[in-house]
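The values are calculated or read from the model by the stated rules, or taken from the named source; none is laboratory data. Source: prediction; values computed, not measured. Glycine also receives a Cβ, built like all others from the backbone with ideal geometry; neighbour counts cover every protein chain displayed. Surface accessibility is based on the protein's heavy atoms, side chains included, excluding ligands, DNA and RNA. Shrake-Rupley method; radii C 1.70, N 1.55, O 1.52, S 1.80 Å.
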Amino acid sequence: MSLLQLDNLSVTFGKFRAVDNISYKVEEGEVLGIVGESGSGKSVSSLAIMGLIDFPGKVTADQLSFDGKDLQAMPEKQRRKLTGSDIAMIFQDPMTSLNPCFTVGYQIIEALKTHQGGSKKELKKRAVELLTQVGIPAPESRLDNYPHQLSGGMSQRVMIAMAIACNPRLLVADEPTTALDVTIQAQIIDLLIELQRKKKMGLVLITHDLALVAEVAHRVIVMYAGQIVESGPAAEVFSTPRHPYTQALLASLPESASGKARLDALPGVVPGQYDRPQGCLLSPRCPYATDHCRKEEPENQGSLNRQVKCHTPLDTQGRPAA
Amino acid sequence: MSKTNVADSALILKAEGLKQHYHVKQGMFKPEAVVKAVDGVSFNLEKGKTLAVVGESGCGKSTLGRMLTMIETPTDGQLGYLGQNLLTLSKSAQTKLRQKIQIIFQNPYGSLNPRKKIGSILEEPLVINTDLPKADRKAKAISMMEKVGLKAEHYDRYPHMFSGGQRQRIAIARGLMLDPHVIVADEPVSALDVSVQAQVLNLMMDLQEEFGLSYVFISHDLSVVEHIADDVMVMYLGKVVEQGTCEQLFDNPKHPYTLALLSSTPQLSPEKRRLRIKLEGELPSPLNPPSGCAFHGRCRFANERCKSETPVLKLDSYDESEQGHLIACHAVEEDRINLAEEVA
Amino acid sequence: MTIQSEAQSAQSNSETPMVENMAPAPRTPLREFWHYFSSNKGAVAGLAFIILICFLAVFANVVAPHSPSDQVRDAFLLPPAWLDGGNWSYILGTDDVGRDILSRLIYGARLSLAVGALAVTLSLVLGILLGLVAGYFKGVIDIVIMRLVDIMLAMPSLLLAIAVVAILGPSIFNAALAISIVSLPNYVRLTRAATLSEMSRDYVTSSRVIGASPLRLMFICILPNCLAPLIVQATMGFSSAILDLAALGFLGLGAQPPTPEWGSMLANALQFVQRAWWVVTFPGLMILITVLAFNLMGDGLRDALDPKLKQ
């Protein structure tokens, strides 16, 4: 049984489909990378899993289950209990994810209290233990710090400590390092992967940084305008992309351009609420688009392990199939 | 050294020992602290070249950019523009030369006045600095919009109607309105998505070719820097730790901090991944910088000398083939760095 | 695609053929403003009432059935028309010297709005000037201006207004002056705060780099971006000006008889409140509804102009 399973999950805000019929699975101990540009719906889909979509957003899914338990059928209270203990989430901006009015220790202990309980002394001991686990030096004295006294990297470590406080089985990390410097990013990613291996958690890593996903993820999902356009084992997707969008994304990275040539930029931007094209959503920007692409939306092709949503998926040479 | 022999005509911008020290009050009874945001930066920028300034947040790279555009006056040092020292010129002469060094900011949402139309944003530099009649200004604005890939009908729209990439195009167009020679680009693509980032980088390189622009490209993203830069300067806590051509820095990095930066940057292709040199700890507080080499607390090659003596920027004496590759590190000087040992 | 970009893409295949990608459908700021404003029903009702009052005030001499100072000898304290003894030519009744209340209310609107507008304009202009200067130059100038403002805020506003009127002598104009002085601190602080936050934005810096003068920066670059909160404050200030004017009038320090003014109408009729409720009720209601309308509209304006509340 998969740890997390989504079937045809959609999130709509009024007429706008932020997430459009996506399906994927996360297995225990697996690192799943979700990449896409801003507006691709990658964050919204994770918020939907956590049950954090507020009015006027609307979540629908054929299946949304965690460890075989249907999250949609579950009463609100039970679901809240599950998210936070079994499913935890880390957000992009560590500086605003902590409440500036309370000390770090108070916030960690509060999180522990709601999900586990115990005496004050035990909770404090556990908090120190957690801070040690996430590599914060002098954890006892850090407990009395306020968030503004911590650097960005430290705050993110505290957020991770709070997330793993209840030994979650699935950790959703939404751009966990985007706000941090490269050397700190490396530290945080190393920490996340180390914790993930030790605790055999499932980790969903949402990011716009393709290289980061290429380094750490087992499988990767590429999202575009609310849809999954390609998914598969990370190494395979990045070495031989089958969807023109994945190919274009990879080509637009400066490190893909050898020498001082121009970058192969994909023209235009992700379609928004008012300019969603007919047919394949990439068709206005796709170099291979045909009239067929502009009229009809493509179906998913390929095996469950390696899917691509394109009429003419690319072959190993990176050319569209005839 | 090769750098000083370059023909003067090609040299556009020359900085020597630029410093920006801030005095910070720490409360009633404590003495004033001095924050050395930028502490002695020197470089030469030639026509049509790109100098990249690399470093993590708080290393002083943005302050450097603000000094080059004279938003802030350096506390010490010289800034030469085509042979004239910008800092000692009269106010009026300064204003005139100032037009030739423009700046582009990171956040395309904050750098355009939200209450003005694109047309008047682009024409503002001309209104202030020239006597061009209205029709000429409009013509110039529209031709510049077309150069950066915008349509003429965007002239009457407001900034909030544009996407991030388009706004950055507008910001670039505005920077070019006064025909500058130098553009200081402060993280111009950091806020953009990869595909849009590529569009903007291409645009910047096209414009460089067309107008013979020189760029001071401030960035934390090493892969972007490797792509666009001719020369690179790595900064740590206000000081330059390594300086050289793009090839020197990326193919033969020497300073332990540069090595750590490079190895921390995620790489797409497995072959390119380097041995991860894990940096302990974080950037020290600039209010209370470490003695000696500022990097010694996080550096695995540090010894007693690093703790007490500040290293100066100089050529690597063990590698004489490398012209103009400057490093500020005792360990490199003493040839104590052995990465092969690290692997084992 | 334009010719220019066609040429570019021919030269190097990858320059962007611009895909039409304006984020939301382009809306002019005004239309966008109306979209948000009109979704607030209370604000629209407030606006409607204010327009009505303005109309009445401007065309008072056409609309009002009687002259506001005509004293009708045989109609003292006539009740409203729908009550026993009422007369349809005096719809809201008459006061103790036989003047038509409706007409006096209509003419009173003229006065209240004029004084409100005068007071708000005065304090807005002065407040913006002082606030911009304080926020832009910072340092000593800022400290001096802000401490003066603090001193003004330390005094009860009505008391301060009474003191000002007492010094200058009671008249409508002096009352307006007093009200604008009293409300000045709000505008100064608001402008200063907005200026400070705008000053740190990149677009101000880039205007400085191209050599904009301080005056240009202050009034052309920064000021338009500070206007939203000021407009809201001015609307709310209108209502408090009307209220203050009524209070001063009630105390006999505002409009002098026989000028029709809502506050002094209340004050003069106080002795008859037992036997003729209408002489106090209608001016009171008028003040209440007008103030409410301005506050509702101010709320709506704040919602519509504050980008943080937008989706």
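Here is a yes/no grid of residues against (1) surrounded by 23 or more Cβ atoms within 10 Å (Cβ to Cβ); (2) among the hydroxyl-bearing types (Ser, Thr, Tyr); (3) in contact (Cβ under 8 Å) with a residue 60 or more places away in the chain; (4) within 23 Å of B:Pro311 (Cβ to Cβ):
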{"position": "B:Asp156", "(1), (2), (3), (4)": "no, no, no, no"}
{"position": "B:Leu176", "(1), (2), (3), (4)": "no, no, yes, no"}
{"position": "B:Ala185", "(1), (2), (3), (4)": "yes, no, yes, no"}
{"position": "B:Val232", "(1), (2), (3), (4)": "yes, no, yes, yes"}
{"position": "B:Glu247", "(1), (2), (3), (4)": "no, no, no, no"}
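Looking only at region B:284-304, residues that are within 9 Å of chain A (Cβ to nearest Cβ) and open to solvent by 50 Å² or more (accessible area, probe 1.4 Å) come to 0 in all. Filtered by the rule that a residue be surrounded by fewer than 21 Cβ atoms within 10 Å (Cβ to Cβ) and within 14 Å of another protein chain (Cβ to nearest Cβ), region C:227-257 gives C:Leu227, C:Ala228, C:Pro229, C:Ile231.
Scanning region B:106-120 turns up no residue that is more than 14 Å from chain A (Cβ to nearest Cβ) and within 19 Å of B:Leu213 (Cα to Cα).
Results for (1) buried (at least 19 other Cβ atoms within 10 Å of the Cβ); (2) in a loop (DSSP other than H, G, I, E, B), shown as yes or no for each residue.
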| position | (1), (2) |
| --- | --- |
| A:Val222 | yes, no |
| A:Glu230 | yes, no |
| A:Ala235 | no, no |
| A:Phe238 | yes, no |
| A:Tyr245 | yes, no |
| A:Leu250 | yes, no |
| A:Arg262 | no, yes |
| A:Gly268 | yes, yes |
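Assess whether B:Leu207 counts as being more than 18 Å from B:Ala141 (Cβ to Cβ), assigned to a helix (DSSP H, G or I) and either modelled with pLDDT of 90 or more or not aliphatic (A, V, I, L, M) (or both). When the stated conditions are applied, B:Leu207 does not pass them. If the condition is being closer than 25 Å to C:Gly46 by Cβ, outside any helix (DSSP H, G or I) and open to solvent by 20 Å² or more (accessible area, probe 1.4 Å), then region C:261-300 contributes no residue at all. Checked against the criteria, B:Arg115 counts as under 20 Å from C:Glu198 (Cβ atoms) and open to solvent by 30 Å² or more (accessible area, probe 1.4 Å).
Going through region A:143-158 one residue at a time, which ones are assigned to a helix (DSSP H, G or I), open to solvent by 10 Å² or more (accessible area, probe 1.4 Å) and under 14 Å from A:Gln187 (Cβ atoms)? Matches in region A:143-158: A:Gly152, A:Met154, A:Arg157. For region C:195-226, residues that are open to solvent by 10 Å² or more (accessible area, probe 1.4 Å) and in a loop (DSSP other than H, G, I, E, B) total 5. Filtering A:Gln307, A:Gln273 for residues that are more than 10 Å from every other protein chain (Cβ to nearest Cβ) and in contact with a strand residue (DSSP E or B) (Cβ under 9 Å, 6 or more places away or on another chain) leaves a single hit, A:Gln307.
Do we find a residue being at pLDDT 90 or above and in a loop (DSSP other than H, G, I, E, B) anywhere in region B:159-177? Within region B:159-177 (the criterion being at pLDDT 90 or above and in a loop (DSSP other than H, G, I, E, B)), the answer is yes, since at least one residue qualifies.
Looking at the structure I just gave you, is B:Gln267 open to solvent by 10 Å² or more (accessible area, probe 1.4 Å), in contact with a strand residue (DSSP E or B) (Cβ under 8 Å, 6 or more places away or on another chain) and among the polar types (S, T, N, Q)?
Numbers: open to solvent by 10 Å² or more (accessible area, probe 1.4 Å): yes; in contact with a strand residue (DSSP E or B) (Cβ under 8 Å, 6 or more places away or on another chain): no; among the polar types (S, T, N, Q): yes.
When the stated conditions are applied, B:Gln267 does not pass them.
Taking residues in region C:202-216 that are more than 14 Å from B:Ile170 (Cβ to Cβ) and in contact (Cβ under 8 Å) with a residue 24 or more places away in the chain, and partners anywhere that are among the hydroxyl-bearing types (Ser, Thr, Tyr) and open to solvent by 10 Å² or more (accessible area, probe 1.4 Å), the pairs with Cβ atoms closer than 8 Å and at least 6 places apart or on different chains are C:Pro214/C:Tyr136.
Pairs meeting the criteria (first residue in region C:237-264 and more than 13 Å from C:Ile179 (Cβ to Cβ), second residue aromatic (Phe, Trp, Tyr), beta carbons under 6 Å, at least 6 apart or on different chains) are C:Pro260/C:Tyr107.
Of all residues in region B:180-207, those being away from chain A (no Cβ under 11 Å) and not small (Gly, Ala, Ser) number 9.
Using the structure shown, decide if B:Leu64 is within 13 Å of chain C (Cβ to nearest Cβ) and either part of a loop (DSSP other than H, G, I, E, B) or of a type in the set (A, V, I, L, M, F, W, C) (or both). Against the criterion (within 13 Å of chain C (Cβ to nearest Cβ) and either part of a loop (DSSP other than H, G, I, E, B) or of a type in the set (A, V, I, L, M, F, W, C) (or both)), B:Leu64 does not qualify. Only a single criterion out of (1) open to solvent by 40 Å² or more (accessible area, probe 1.4 Å); (2) more than 29 Å from the chain's Cα centre (by Cα); (3) over 23 Å from B:Arg98 (Cα atoms) is not satisfied by B:Glu146, namely (2). Residue count for region B:213-228 satisfying the condition of being open to solvent by 20 Å² or more (accessible area, probe 1.4 Å) and in a loop (DSSP other than H, G, I, E, B): 2.
Could you pull out the residue among C:Leu184, C:Leu129 that is under 25 Å from the mean Cα position of the chain (by Cα), away from chain B (no Cβ under 14 Å) and surrounded by fewer than 21 Cβ atoms within 10 Å (Cβ to Cβ)? Talk me through it step by step, then tell me what you get.
On the way: C:Leu184 fails: surrounded by fewer than 21 Cβ atoms within 10 Å (Cβ to Cβ).
Only one candidate qualifies: C:Leu129.
Among the residues of region A:127-139, those identified as open to solvent by 30 Å² or more (accessible area, probe 1.4 Å) and either within 26 Å of the chain's Cα centre (by Cα) or within 16 Å of A:Leu112 (Cβ to Cβ) (or both) are A:Glu129, A:Thr132, A:Gln133, A:Gly135.
Does B:Gln94 satisfy being farther than 30 Å from B:Gly77 by Cβ, within 11 Å of another protein chain (Cβ to nearest Cβ) and either assigned to a loop (DSSP other than H, G, I, E, B) or open to solvent by 10 Å² or more (accessible area, probe 1.4 Å) (or both)?
Numbers: farther than 30 Å from B:Gly77 by Cβ: no; within 11 Å of another protein chain (Cβ to nearest Cβ): yes; either assigned to a loop (DSSP other than H, G, I, E, B) or open to solvent by 10 Å² or more (accessible area, probe 1.4 Å) (or both): yes.
The answer is no for B:Gln94.
Listed by first and then second residue, the pairs linking a residue in region B:211-230 that is within 13 Å of another protein chain (Cβ to nearest Cβ) and under 18 Å from B:Pro253 (Cα atoms) to a residue that is open to solvent by 20 Å² or more (accessible area, probe 1.4 Å) and at pLDDT 90 or above, with Cβ atoms under 6 Å apart and 6 or more places separating them unless they lie on different chains, are B:Asp230/B:Lys49.
Hey, which of the strands (runs of 3 or more DSSP E) in region A:22-129, taking only ones fully inside, have at least 1 residues that are farther than 30 Å from A:Pro267 by Cβ and basic (Lys, Arg)? Walk me through how you get there before you give the answer.
Working: elements: A:31-35, A:57-60, A:63-66, A:87-90.
Per the criteria, A:57-60.
Annotation: of all residues in region C:67-76 being open to solvent by less than 60 Å² (accessible area, probe 1.4 Å) and over 34 Å from the mean Cα position of the chain (by Cα), the one that is nearest to C:Arg275 (Cα to Cα) is C:Ala75. Here A:Tyr24 clears all of (1) without any contact (Cβ under 8 Å) to a residue 60 or more places away in the chain; (2) open to solvent by less than 40 Å² (accessible area, probe 1.4 Å) except the condition numbered (1). Cβ-Cβ contacts under 6 Å between residues 6 or more apart (or on different chains), taken from a first residue in region C:45-61 that is part of a helix (DSSP H, G or I) to a second residue that is open to solvent by 20 Å² or more (accessible area, probe 1.4 Å), are listed as C:Gly46/C:Leu296; C:Gly46/C:Met297; C:Leu47/C:Met297; C:Leu56/C:Val63; C:Ala57/C:Arg110; C:Ala57/C:Leu113; C:Ala60/C:Tyr107; C:Ala60/C:Arg110.
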